[in-house]
Amino acid sequence: MSAQAKFVTNASMVSSLLAALLLLPCTAAASQCPPYQPLVAPINLDVSTSLHSVVIKNGSGGLVLDLAGSLVWSTCPGKHGTVPCDSAACRQANRQHPRRCRYVDAGWFGAGREPGWWGCACAAHPSNPLTGECSTGDLTSFSMSAKATDGRNALDYPVEQLPAVVASCAPDRLLGSLPALATGVAGFSRSPLSLPSQLASRRAALGNKFALCLPGGGYFLGFAMFGNTSVSLGRHLPELTSTIPYFPLARNPRNGAYYLPVKTISVRGQQTVDVGLPAGALDIDVNEGRGGVALSTVTRHMTMRPDVYRAFLQAYDTAVQRNGYAVKRVAAVPPFELCYEEASLRPRKRFGYDVPVISLELTGAAQAWTVANVNLLQFIGGPACVAVVEMGRDTTAGAAEDDKPAVVLGLDQLEEHLLVFDLDKGVLGFSDPLVYMDTTCTDFYYPTH
């Protein structure tokens, strides 16, 4: 065997072994566990697509952050290692097979594969959450890098001990509708091969916990933190993770996305108007996976199933009239139906306008989840529209056609809030809009050198 051939085979073997080791937990009591620190990586907002990319993969302009995504996938270098088809990592990858998606490139992608000594390379099935397209690609591993953090700053030295992350190769064609600099997608769901799950499995001493601050409102830089850490924004603001409310998360047995256990929806002003829905209308169908209220980072506006949407429109318009808001209804501006003349809206003392808010009552929660007015109105050259849209056939929110949610909370509701996913406790911390605290996601200092 030539020296070059030996190098190729050994590189593939190392890649495979790293992938296998990644699925072995490192507990706090284990002597081999290094003293890990929480990590932070920047999140960039792409204006042309309104999508957010986390910059963590070496040699990449970013991976689109998909809260419902089950895999990490990217275009691959000309030569790449593979993972054995009988490995634990391969079995996990094939449990994430997307249903009813459109395959590109004849459903196969193997260019640049280096054969391994095991003789059988694992195939994964990456999917594009925007286009609904899929492909088949080699399961491989990517190197990642991030910086340590104390919760207030990114520390000045890089963290070198990040394990290789199990990921899927994908063809260039699967990048359609993603930001120009993005090379793939980083799944952030509960699934074992999502980015947070993989990092947590090798850094268990820091807990299965991550925080997101998605930039918006004219700001373009946010952050993702991995591990149990405090979070402070701005040099003179208090630590946030101990002061924000926490809400229970619900599980959908058909996917790893994040759901809220919403019982009822109401529109709240001086008087509250309930959205008239039959009991159980928002429940998750555990057999089919349909229903529920899901969070999405690939959906812009709050989106509702047609029956929920019609009931909501009626309740919101009733609340406007019943509470005596002196607003003038104007013609709809697609895709929005409820639009008002901006000049007729009464400004609040500090932020936004005096309009009803949406209140979600959750099972097991001490308080309701509120969609504030700053997360609800869209201004379109004169009219101010309630940015809630009806779910159509092309609305996936990271789910297949037969497991669509009843309601999707999109980027309008998630940007410029601090979100803390504590999966050990099964809860989500959700701050008030950061503008209420005179801060933004960008105020977290992330050094560029």
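The values are calculated or read from the model by the stated rules, or taken from the named source; none is laboratory data. On a predicted model such as this, the values are computed, not experimentally measured, just so you know. Virtual Cβ from ideal backbone geometry, glycine too; neighbours counted across all protein chains shown.
The single condition among (1) in contact with a Lys or Arg (Cβ under 8 Å, 6 or more places away or on another chain); (2) surrounded by fewer than 19 Cβ atoms within 10 Å (Cβ to Cβ); (3) not acidic (Asp, Glu) that ASN287 does not meet is (1).
This table checks each residue for (1) out of contact with any helix residue (DSSP H, G or I) (no Cβ under 8 Å at 6 or more places or on another chain); (2) charged (D, E, K, R); (3) modelled with pLDDT of 95 or more.
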site	(1), (2), (3)
PHE220	no, no, no
MET225	yes, no, yes
HIS236	yes, no, no
TYR259	yes, no, yes
LYS263	yes, yes, yes
ASN323	yes, no, no
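For segment 345-370, which positions are farther than 22 Å from ALA279 by Cβ, crowded, with 21+ Cβ neighbours inside 10 Å and aliphatic (A, V, I, L, M)? Residue satisfying the conditions is VAL355 alone.
The listed residues are ALA250, ALA294, and the only one of them that is surrounded by 22 or more Cβ atoms within 10 Å (Cβ to Cβ), modelled with pLDDT of 95 or more and aliphatic (A, V, I, L, M) turns out to be ALA294. Residues in segment 151-187 that are modelled with pLDDT under 95 and closer than 28 Å to GLY234 by Cα: GLY151, ARG152, ASN153, ALA154, LEU155, ASP156, TYR157, PRO158, VAL159, GLU160, LEU162.
Suppose we filter LEU212, LEU233 for residues that are in contact with a Gly (Cβ under 8 Å, 6 or more places away or on another chain), surrounded by 21 or more Cβ atoms within 10 Å (Cβ to Cβ) and not acidic (Asp, Glu); which single one remains?
Details: LEU233 fails: in contact with a Gly (Cβ under 8 Å, 6 or more places away or on another chain).
On inspection, the qualifying residue turns out to be LEU212.
The single residue among ALA311, ALA279 that is over 28 Å from LEU51 (Cα atoms), assigned to a loop (DSSP other than H, G, I, E, B) and of a type in the set (A, V, I, L, M) turns out to be ALA279.
For segment 178-189, a residue qualifies if it is more than 11 Å from SER60 (Cα to Cα) and loosely packed, with under 14 Cβ neighbours inside 10 Å, and exactly one does: ALA180.
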